[in-house]
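K.L.:
My questions all concern the structure below.
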2 protein chains.
Amino acid sequence: MEVRRRDIHNSDIPVVCRACEARHGGVCGALTAEQLTELNKHSSRHRLETGAEVIGQGETVVNYSNIMRGVVKLTKVMADGRQQIVGLQFAPDFLGRPFLTESAITAEAATDSEVCNFPRNVLDRLVKRTPELEHMLHQQALKELDEARDWMLTLGRKTAQEKVASFLYLIATHIDPESVDMSAFDLPLSRADIADFLGLTIETVSRQFTKLRKENVIRIENNRHVTVPDMDRLMRYAGND
Amino acid sequence: MEVRRRDIHNSDIPVVCRACEARHGGVCGALTAEQLTELNKHSSRHRLETGAEVIGQGETVVNYSNIMRGVVKLTKVMADGRQQIVGLQFAPDFLGRPFLTESAITAEAATDSEVCNFPRNVLDRLVKRTPELEHMLHQQALKELDEARDWMLTLGRKTAQEKVASFLYLIATHIDPESVDMSAFDLPLSRADIADFLGLTIETVSRQFTKLRKENVIRIENNRHVTVPDMDRLMRYAGND
DNA sequence: CACGCCATTTGATTTTGATCAAGTGCAAAG
DNA sequence: CTTTGCACTTGATCAAAATCAAATGGCGTG
């Protein structure tokens, strides 16, 4: 299923890409050395402070990105300000909606992050010529779709307690793909963001955190650092039996 | 069923596909006459009664399908029976999750429907050889992703009233792609299904229907037939300003 | 026609989570 | 070391939707 470039050690690959690809294996993995060089000519890396907007709802898409480091949240807002986080992207996810000029969502750094930007038209051209690249993007879209549907069940049918536990489980399993130990991690989102992700208020989120803490499902230090003594127990609280 | 020949220059295309493709333009539109003939050799059409399961959560995927007629609901269930509809597919949508052998969802006919089935391995082989086909599937996945994210906002942040209005608006705009007049249609789902789609109970759905009826936003006959005198007004009730 | 079987509606009550309103704790600025 | 500003927590109350419990209203069958 996974298709890897054979010439992974080829020295024609741009230096900046070599480290990245080795660590992450994002969509760039579908490209030949020449294509990578070509793309790299037009691409640029950027640091994003927490809260920095990558693209706004309704704006014209000029760039796609790869997330190198950090967490990016995808949000939708209603006219009256109600807001829902519709996706979280972790490194090394591809960020962008191929084939549409206007973004239907806002993408914003949830933590300090680093991204690699490519101009839309350069990548679009490359996609047309590189079926393997479209395949990678297709896989990414399908992964996001699976995640979105999982989350729809959470939003529509779970209790506040289960929602919060589901969130913690999601973060535990996604925050650090390198690490084997998922039992300790920092939350990439504020209480307000967590509420927006879960379709709750910050007060309800806070109360559920307190409850989970009192029942020894989690421990919390400094509001952001979470320890999970028994991951299976957390999963049961999340309603994933 | 009588199938008319619509284009004398396409006489290599299987008769059964010619009418379908002309009417709908689904993913098969990406295929050459030969590929269509090849695929058609292995494909088969089926009528599905309301409630018939196309595939169950956790089952092995053996077929992909095109929906020829009707509405198919995609659902997820929790261990304790709580259920959430995570997608509705209308003709001529492609039905299936490429590149995964185990289905994460249940697909079930919401109305009497007709589908065209292709064996998974035949289509998978064809996808590898036909970038244009993967492109179509990619577009379909992105469309479903956009819809899923729209719905996440509805599930997470809208009131019961807005949810029901949003559902009616969704159906009005999707049920009959041919028709210009969206103001009258039959609901493809029972109250129970609507509740599962909206993350509500049937009682709440019923009450909101009654309220919308009393406020003259909609009229209902025989529980299933809906008339919308002012679509913009419905849209406002749905919170889509 | 009467009957039972559905799906749907309606009503009474309870529960959950939202809202409103203080408090707490911590870190940066004065 | 105070003050100020956040982010978060906690408590009291309120409202929306769930739950429990009957009705109602076709619709097909005996």
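The values are calculated or read from the model by the stated rules, or taken from the named source; none is laboratory data. No experiment lies behind these values; they were computed from the predicted model shown. Backbone-built Cβ (ideal geometry, glycine too); neighbour counts: all protein chains shown. Only protein heavy atoms, including side chains, enter the accessible area calculation; ligands, DNA and RNA are left aside. Shrake-Rupley method; radii C 1.70, N 1.55, O 1.52, S 1.80 Å.
K.L.:
Taking region B:130-155, which residues are in contact (Cβ under 8 Å) with a residue 12 or more places away in the chain, more than 7 Å from chain A (Cβ to nearest Cβ) and away from DNA strand D (no atom under 16 Å from the Cβ)?
P.N.:
Within region B:130-155, B:T130, B:E132, B:L133, B:M136, B:Q140, B:E147 qualify.
K.L.:
Do we have B:E203 as within 16 Å of DNA strand D (Cβ to nearest atom), under 23 Å from B:G87 (Cα atoms) and open to solvent by 60 Å² or more (accessible area, probe 1.4 Å) here?
P.N.:
In short, yes.
K.L.:
Another question about this same structure. For region A:221-238, enumerate the residues that are within 13 Å of DNA strand D (Cβ to nearest atom) and open to solvent by 40 Å² or more (accessible area, probe 1.4 Å).
P.N.:
Scanning region A:221-238 gives A:E221, A:N222, A:N223, A:R224, A:H225.
K.L.:
If you go through region A:57-81 one residue at a time, how many are touching a Leu at 6+ places or on another chain (Cβ under 8 Å) and under 24 Å from B:G156 (Cβ atoms)?
P.N.:
Summing the residues that are touching a Leu at 6+ places or on another chain (Cβ under 8 Å) and under 24 Å from B:G156 (Cβ atoms) in region A:57-81 gives 8.
K.L.:
Those residues that are within 19 Å of B:L74 (Cα to Cα) and more than 11 Å from DNA strand C (Cβ to nearest atom), I need them from region B:200-222; list them, please.
P.N.:
B:L200, the sole residue that qualifies.
K.L.:
Would you be able to tell me the number of residues in region B:171-190 that are open to solvent by less than 20 Å² (accessible area, probe 1.4 Å) and within 15 Å of the chain's Cα centre (by Cα)?
P.N.:
Count: 5.
K.L.:
If A:D193 satisfies every condition in (1) within 13 Å of DNA strand C (Cβ to nearest atom); (2) open to solvent by less than 30 Å² (accessible area, probe 1.4 Å); (3) within 14 Å of chain B (Cβ to nearest Cβ) but one, which is the exception?
P.N.:
Tallying (1) within 13 Å of DNA strand C (Cβ to nearest atom); (2) open to solvent by less than 30 Å² (accessible area, probe 1.4 Å); (3) within 14 Å of chain B (Cβ to nearest Cβ), A:D193 fails exactly one: (1).
K.L.:
Do the conditions hold for B:I175, that is, is it β-branched (V, I, T) and more than 11 Å from DNA strand C (Cβ to nearest atom)?
P.N.:
yes
K.L.:
Oh, and also: Given the structure, is A:T154 surrounded by fewer than 17 Cβ atoms within 10 Å (Cβ to Cβ) and either hydroxyl-bearing (S, T, Y) or modelled with pLDDT under 95 (or both)?
P.N.:
The answer is no for A:T154.
K.L.:
Which number in (1) farther than 22 Å from B:I202 by Cβ; (2) crowded, with 23+ Cβ neighbours inside 10 Å; (3) not aliphatic (A, V, I, L, M) marks the one condition that B:G70 misses?
P.N.:
In the conditions (1) farther than 22 Å from B:I202 by Cβ; (2) crowded, with 23+ Cβ neighbours inside 10 Å; (3) not aliphatic (A, V, I, L, M), B:G70 misses (2) alone.
K.L.:
Which one of B:Q84, B:Q139, B:Q89 is polar (S, T, N, Q) and open to solvent by 30 Å² or more (accessible area, probe 1.4 Å)?
P.N.:
Matching residue, one of B:Q84, B:Q139, B:Q89: B:Q139.
K.L.:
Ok, one more. Go through B:S113, B:S103, B:S65 for me and flag whichever is surrounded by fewer than 20 Cβ atoms within 10 Å (Cβ to Cβ) and of a type in the set (S, T, Y).
P.N.:
B:S103
K.L.:
When region A:121-131 is examined, which residues are found to be surrounded by 17 or more Cβ atoms within 10 Å (Cβ to Cβ) and not hydroxyl-bearing (S, T, Y)?
P.N.:
A:L123, A:L126, A:V127, A:P131
K.L.:
What pairs can you find where one residue is in region B:184-195 and among the aliphatic types (A, V, I, L, M), the other is in a loop (DSSP other than H, G, I, E, B), and their Cβ atoms are less than 7 Å apart, with a gap of 6+ or different chains?
P.N.:
Note: pairs meeting the criteria are B:L187/B:R224; B:L189/B:A110; B:A195/B:T201.
K.L.:
I need the full set of residues from region A:156-190 which are within 14 Å of chain B (Cβ to nearest Cβ) and over 22 Å from A:T210 (Cβ atoms), in order please.
P.N.:
A:G156, A:R157
K.L.:
Yes or no: B:F94 within 14 Å of another protein chain (Cβ to nearest Cβ) and under 27 Å from B:Y169 (Cβ atoms)?
P.N.:
yes
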